[in-house]
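Notes for the one structure printed next.
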Amino acid sequence: MKKATKAAALILAMAMAVSTLTACGGEKDAAPDAANTEAAGAEADASEENAAEDTDAAADTDAAAEDAAADAAGGEAAAGEEEAGAEAAGAVTTKTEGVLTFGTNAEFPPFEFVAGTGVIDQYDGIDMAIAKQIAEDNGMTAAIENMEFDSLLVALQNGQIDAAIAAMTVTEDRKEAVDFSVPYYTATQVMIVKEDSDIAAAADMADKKICVVQGYTGEICVNDMGYSYEAFKKGTEAVLELVNGKCDVVVIDSATAQKYVDDNEGLKIVEDASAFESEEYAVAVQKGNTALLDMINKAIEAKLADGTISDLGVQYTEAVTAE
């Protein structure tokens with residue numbers, strides 16, 4: 001029994017030793033596994049952090065791109081505003097770069113007429129001299145388009161010319177179609193009659209044959225009075241009718257009337273301030289062309305102030321009278 005007991009005890013001790021070794025071996029294996037698990041977790045955390053950092057970096061990149069786009073848009077907007085501001089401030093543009101093209105009707109001395117040698121090509125007169133100086137004062141060359149008077153506003157609206165200068169009277173009707181500069185000349189309508197005429201006032205024209213120049217202020221005045229009349233394209237044609245006894249009176253601007261009376265014997269001028277109000281001549285530009293209008297206004301105002309336009313009036317009136 002004792003030997004069996006000792007053997008059993010020995011077997012039990014050996015089993016416990018094996019069990020202990022197994023347990024120790026298991027603990028040693030578990031530790032590396034735990035470490036590996038912890039490392040894996042750390043790597044996972046690091047991956048998540050890196051992913052977050054990548055996301056943040058991507059977000060920062062997108063934000064930067066958006067900021068850049070916004071800056072670019074802002075720059076474009078600013079450029080647009082500057083361009084709009086420049087347009088508002090108004091750089092003067094003309095149909096031909098460096099050339100200021102005026103329309104006129106060169107049949108109205110002393111304001112505009114055709115000469116052998118004029119101030120602008122073959123065109124001469126008060127208006128032509130003013131046109132030339134306006135252009136030159138602004139570093140441009142003046143050019144002239146000669147046409148029928150009643151075609152001027154249409155040509156201006158169509159962009160055929162940049163401005164119209166033709167002893168053009170400022171009227172409310174015309175102001176609806178174009179913009180006018182400051183006036184540079186004040187005139188009035190008068191009647192040219194033969195020296196033995198019984199016409200002493202506008203009312204005396206009621207039963208007379210009247211001649212006017214088509215589109216001129218004289219036509220407007222006679223029409224407003226309700227009188228019948230015949231319109232000619234040139235002042236010389238209307239006056240020739242009078243000289244030849246084919247009409248009784250010509251209604252025309254005072255400065256031009258004086259030239260025709262001086263050139264033709266047997267004619268005189270009859271005035272009627274109660275019937276014919278004074279009128280103002282101005283340069284016409286396309287409606288809304290404020291840049292060009294401002295440029296022309298400054299030039300005219302300067303020449304009115306220094307007496308240039310007054311001197312031109314005397315110079316050309318005397319010149320055409322002496323011819």
For the stretch 134-212, the accessible surface attributable to carbon and sulfur atoms (probe 1.4 angstrom, ligands and nucleic acids excluded) amounts in percent to 42
Between Leu100 and residues 5 or more places away or on another chain, the pairs with built amide H atoms under 5 Å apart involve Thr141, Ala142, Ala143
Distance in nm between Glu301 and Ala201 label points, each 7 Å along Cα→Cβ, equals 4.2
From the cross-link list Lys209/Lys287; Lys175/Lys234; Lys234/Lys298; Lys132/Lys259; Lys209/Lys233; Lys233/Lys298, the entries with a Cα-Cα span beyond 28 Å are Lys209/Lys287; Lys234/Lys298; Lys233/Lys298
Full extension between Gln122 and Asn244 adds, at 0.36 nm per residue less the Cα distance, a length in nm of 41.0 nm
The long-range amide H neighbours of Phe111, using H built 1.01 Å from N in the peptide plane and a cut-off of under 5 Å, are Ile126
Whole-Hz Karplus couplings 3J(HN,Hα) for the stretch 177-188, θ = phi - 60° and coefficients 6.51, -1.76, 1.60, Gly and Pro as x, run 9, 9, 9, 10, 6, 5, x, 10, 7, 10, 9, 9
Packing-ranked peptide list from 128-140, 188-200, 297-309, 247-259, highest mean Cβ count within 10 angstrom first, is 247-259, 128-140, 188-200, 297-309
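The values are calculated or read from the model by the stated rules, or taken from the named source; none is laboratory data. All figures in this text were calculated on a predicted structure; none of them were measured in a lab. Every residue, glycine as well, gets a Cβ built from its backbone with ideal geometry; the counts of neighbours run over all protein chains shown. Each accessible area value is taken on the protein alone, full model and side chains, heavy atoms only, with ligands, DNA and RNA left out. Shrake-Rupley method; radii C 1.70, N 1.55, O 1.52, S 1.80 Å.
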